[in-house]
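The values are calculated or read from the model by the stated rules, or taken from the named source; none is laboratory data. Being a predicted model, the structure only gives us computed values, none of them experimental. Please note: Cβ atoms are built from the backbone with ideal geometry, for glycine as well, and neighbour counts cover all protein chains shown.
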Amino acid sequence: MLDTFFIKTLKHPLRLTALLIDKLGVKANWITLFGFAVGMMVLPALYFEQTSLALVLVVINRVMDGLDGAVARVQGPTDLGGYLDITLDFIFYSAVVFGFALMNPLDNALAASFLIFSFMGTGSSFLAFAIMAEKRNIERLEYGRKSLYFVGGLAEGVETIGFLILICLWPNYFAVLAYIFGVICWITTVTRIYAGYRTLRDPS
């Protein structure tokens, strides 16, 4: 929901940073892999209840995620880069949630399971439509006289980052926050499935 605003706001500073990184000879995929490696350290951090460290790791991972895309646009995007970016993002998101289950299985495991289940909905509805959109050269979804970008929804990247930060700041409220965000994910999933159905169904 907020992705468009933040993308526009951060586009210029990210590009300036990307130009500097490109001059140093750093490849976009290196940044992707480095960010993922750092991000996955949230698992031991959360297992040992080091939520402040987990927060730092989440922020570093997300900064790297922004930078790798900016550097890729300077160097020229590749299929491998896009594949790594989205695959490792989904693994990282689930890893953070799983980390909270490891930290407190009694109170957090069920909520974590529900949220990862919800991530399956948002992820699959996004990726499945992206395949069909590429096949049909679809860039926008049409609703009569209105249109919206497919990636639109309540739970996008910015909202997910905000959620990860919140649970690191207030780990005692993980279960409540996870259930709330899980419901938001399912609202997003349902609207995406409906939008996909309206767009992809064969004309009668």
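Out of the residues in region 40-60 that are among the hydroxyl-bearing types (Ser, Thr, Tyr) and under 13 Å from Leu169 (Cα atoms), state the one that is surrounded by the most Cβ atoms within 10 Å (Cβ to Cβ). Quick ask: steps written out before the conclusion?
Looking only at region 40-60, we keep the residues that are among the hydroxyl-bearing types (Ser, Thr, Tyr), and these are 47, 51-52.
Add one more test, that the residue is under 13 Å from Leu169 (Cα atoms), and what stays is 51-52.
Numbers: Thr51: 21, Ser52: 12.
Checked region 40-60; the qualifying residue surrounded by the most Cβ atoms within 10 Å (Cβ to Cβ) is Thr51.
Select from region 41-89 the residues that are aromatic (Phe, Trp, Tyr) and in a helix (DSSP H, G or I) and write down the one among them that is farthest from Ile167 (Cα to Cα).
Here is the first cut: in region 41-89, the residues aromatic (Phe, Trp, Tyr) are 47-48, 83.
Now drop any that are not in a helix (DSSP H, G or I), which leaves 47, 83.
Numbers: Tyr47: 14, Tyr83: 28 Å.
If we take residues in region 41-89 being aromatic (Phe, Trp, Tyr) and in a helix (DSSP H, G or I), then Tyr83 is farthest from Ile167 (Cα to Cα).
With the structure loaded, tell me whether Leu102 is farther than 30 Å from Lys23 by Cβ, touching a Leu at 6+ places or on another chain (Cβ under 8 Å) and not hydroxyl-bearing (Ser, Thr, Tyr) or whether it fails that test.
yes
Is it true that Ala101 is touching a helix residue (DSSP H, G or I) at 6+ places or on another chain (Cβ under 7 Å), closer than 20 Å to Cys185 by Cα, at pLDDT 90 or above and of a type in the set (A, V, I, L, M, F, W, C)?
yes
Only residues that are of a type outside the set (A, V, I, L, M), over 16 Å from Leu164 (Cβ atoms) and either touching a Pro at 6+ places or on another chain (Cβ under 6 Å) or assigned to a helix (DSSP H, G or I) (or both): list them for region 90-113, please.
Pro105, Asp107, Ser113
Would you please name the residue that is farthest from the chain's Cα centre (by Cα), looking only at residues in region 37-95 that are hydroxyl-bearing (Ser, Thr, Tyr) and within 24 Å of Asn108 (Cα to Cα)?
The extreme case among them is Tyr47.
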